[in-house]
Amino acid sequence: MYLDKAKISIKAGNGGDGVVSFHREKYVANGGPDGGDGGNGGSIIFVASDKVNTLNNFMYEKKFFAQNGQNGSGKFCYGKKGEDLRIVVPCGTIIKDAETNEILADMYENDFEYVCLKGGRGGKGNAFFKSPTRQAPHFSQLGEQTKKYDVVLELKTIADVALVGKPNVGKSTLLSVISNARPKIADYNFTTLYPNLGVVKYYDNSFVVADIPGLIEGASDGAGLGHEFLAHIERTRLLVHVIDVSGYYGNVPSDDFKMINNELKLYNTHLSTLPQIVVFTKTDLIDDLHERIAEFRKNTKFKGEIIGISSITHTQVDTLIKTIYEKLQTLPKPDPIKVEKPELHVEDTTSLNIEKIDAHTYRVSGGYIQNLQRGIVFTDTASNGYFQYRLEKDGIIDKIREAGAQEGDTICMGNLEFELVD
Ligand SMILES: Nc1nc2c(ncn2[C@@H]2O[C@H](COP(=O)(O)OP(=O)(O)OP(=O)(O)O)[C@@H](O)[C@H]2O)c(=O)[nH]1
Ligand SMILES: [Mg+2]
């Protein structure tokens with residue numbers, strides 16, 4: 001089981017409602033308003049971690065809803081804030097808006113946090129609305145209601161180095177010798193079915209190596225495990241091209257080298273332009289390494305480093321680690337993928353739509369109305385008066401008339417219906 005793409009639903013918590021409450025105490029007449037604010041809802045926060053390498057956690061769990069804020073209460077008590085929901089993803093996960101496919105974030109660095117959805121704001125309690133002219137407000141504000149969104153998570157592993165080569169040449173064995181990874185190793189093709197990552201220590205420094213399933217001729221047409229996993233090494237800086245030099249299976253190292261390079265080219269030009277270090281493995285089985293290297297150079301014209309190693313006897317393994325580390329110092333780290341859309345949820349407090357639904361009925365909707373109505377208690381005369389005042393002042397009534405509405409026509413706004421009068 002290996003998941004490198006997942007679609008999940010996320011929702012920040014709703015804001016809690018503010019409340020209407022008045023101070024009550026024996027012998028104290030007309031206590032003032034003491035309704036507390038609602039708590040903010042919890043946010044949805046993605047966290048990058050190098051402790052996980054797959055998106056397997058999202059195989060069954062698809063809904064991630066943060067906690068709602070609690071409603072306020074009397075005696076100026078604030079509602080409790082909803083808890084944030086932190087969703088841990090492997091480093092290198094790209095988060096996209098499922099609807100538009102735009103990139104929201106690249107979870108590039110370990111511990112990087114991305115606040116994808118902010119919790120809904122808590123509503124104000126009536127104590128907040130007290131003013132010199134309004135001593136006893138009988139209204140409070142509702143909490144902000146949040147929306148559910150779908151996002152796609154895509155894993156584009158961040159490794160500095162990738163081991164490429166034919167199956168069974170000893171890639172996983174090498175990874176197990178140089179790093180903390182313990183991949184499966186066996187004497188047959190396609191032992192490795194999914195990418196493995198390992199951290200290689202070099203004195204006080206370290207780098208990350210990815211071991212991917214072996215490639216065979218025709219991988220670009222889907223042969224073997226195909227090109228599927230090359231997407232995982234697109235962000236590496238260096239390829240370590242692993243070749244079985246023993247000839248035990250009748251292979252010719254220079255032919256293997258050309259075949260793999262051709263497959264890389266067929267997959268995408270970027271991978272085939274990465275610098276390579278050639279590693280000849282299984283040198284414990286031969287005693288003419290230098291002749292084999294010379295022949296390889298002659299057949300391939302390869303001018304880069306060639307290091308002969310044995311993962312069994314550990315011959316030259318330290319030299320290889322040092323060579324890789326030093327080469328990496330000359331290669332800049334790739335930049336994170338550019339974010340196309342910085343925010344998933346953009347608060348809309350301005351849009352306004354006026355539509356005629358029949359001869360004498362108009363519907364007014366949009367972010368402006370929703371935002372305004374959130375703070376209105378229609379059973380309260382003062383609050384209601386404020387609503388009407390804003391509709392006039394912000395020119396909404398004029399716009400409704402411009403849309404063709406006449407005296408006596410019905411206007412619908414959210415749950416509210418009223419007649420247009422002068
Ligand atoms: N003698 C010898 N055998 C080795 C060496 N390195 C790996 N092997 C053996 O080669 C076989 C294949 O090793 P793996 O590490 O599984 O090879 P792989 O390249 O990861 O293979 P796939 O996952 O199938 O692509 C195993 O039997 C290993 O024990 C080596 O340096 N010397
Ligand atoms: Mg393997």
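Okay, here's what the table says:
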{"quantity": "Cα-projected label distance for residue 323 with residue 361, points at 7 Å along beta-carbon direction, nm", "calculated": "7.9 nm"}
{"quantity": "Eligible aspartates and glutamates near residue 80 by straight Cα distance, threshold 13 Å, same-chain separation 8 or greater", "calculated": "17, 37"}
{"quantity": "Rounded to whole Å, sorted largest first: equivalent-ellipsoid semi-axes of the chain, Cα gyration tensor", "calculated": "66, 24, 15"}
{"quantity": "Gyration tensor verdict on segment 161-329 (Cα atoms; rounded if a/c is under 1.5, prolate if a/b is larger than b/c, oblate otherwise)", "calculated": "rounded"}
{"quantity": "Three-way shape label, segment 232-299, alpha-carbon gyration tensor, a/c 1.5", "calculated": "prolate"}
{"quantity": "Spin-label pair residue 393/residue 88, simplified geometry with 7 Å Cα→Cβ offset, distance in nm", "calculated": "5.0 nm"}
{"quantity": "Segment 280-422: proportion of alpha-carbon pairs further apart than 26 angstrom, %", "calculated": "58 percent"}
{"quantity": "Gaussian network model of the chain, springs between alpha carbon atoms under 10 Å - residue of 133, 173, 54 with greatest fluctuation", "calculated": "133"}
{"quantity": "Inter-label distance, nm, simple model (7 Å from Cα along the C-beta direction), residue 314/residue 204", "calculated": "2.4 nm"}
{"quantity": "Dimensionless Rg/Rh of segment 1-155 - Kirkwood Rh, Rg from C-alpha atoms", "calculated": "1.20"}
{"quantity": "GNM top mover of 393, 75, 171 - the chain, alpha-carbon springs below 10 Å", "calculated": "393"}
{"quantity": "Across 201/298; 96/124; 11/124; 62/327; 11/184; 265/333, pairs whose alpha-carbon gap is larger than 32 Å", "calculated": "201/298; 96/124; 62/327; 11/184"}
{"quantity": "Order by protection proxy (mean Cβ within 10 Å, highest first), peptides 7-17, 278-288", "calculated": "7-17, 278-288"}
{"quantity": "Under the Karplus curve 6.51 cos²θ - 1.76 cosθ + 1.60, θ = phi - 60°, whole-Hz ³J(HN,Hα) for segment 38-45, x wherever Gly or Pro sits", "calculated": "x, x, 5, x, x, 9, 9, 10"}
{"quantity": "Packing-based ranking, highest mean first, of 234-242, 255-263 given that Cβ atoms within 10 Å are counted", "calculated": "234-242, 255-263"}
{"quantity": "For segment 70-142: rounded, prolate or oblate by the Cα gyration tensor [a/c cutoff 1.5]", "calculated": "prolate"}
{"quantity": "Using θ = phi - 60° and Karplus 6.51 cos²θ - 1.76 cosθ + 1.60, couplings along segment 150-157 (whole Hz; Gly, Pro as x)", "calculated": "9, 10, 10, 9, 10, 8, 10, 2"}
{"quantity": "Inter-centroid distance (Cα atoms) of segment 10-69 relative to segment 301-371, Å", "calculated": "29 Å"}
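Read the figures in this text as sums done on the coordinates, not as results from a lab. A quick note: this is a predicted structure, and the numbers were derived from the prediction, not measured. Ideal geometry is used to build each Cβ from the backbone, glycine not excepted, and the neighbour counts take in all protein chains shown.
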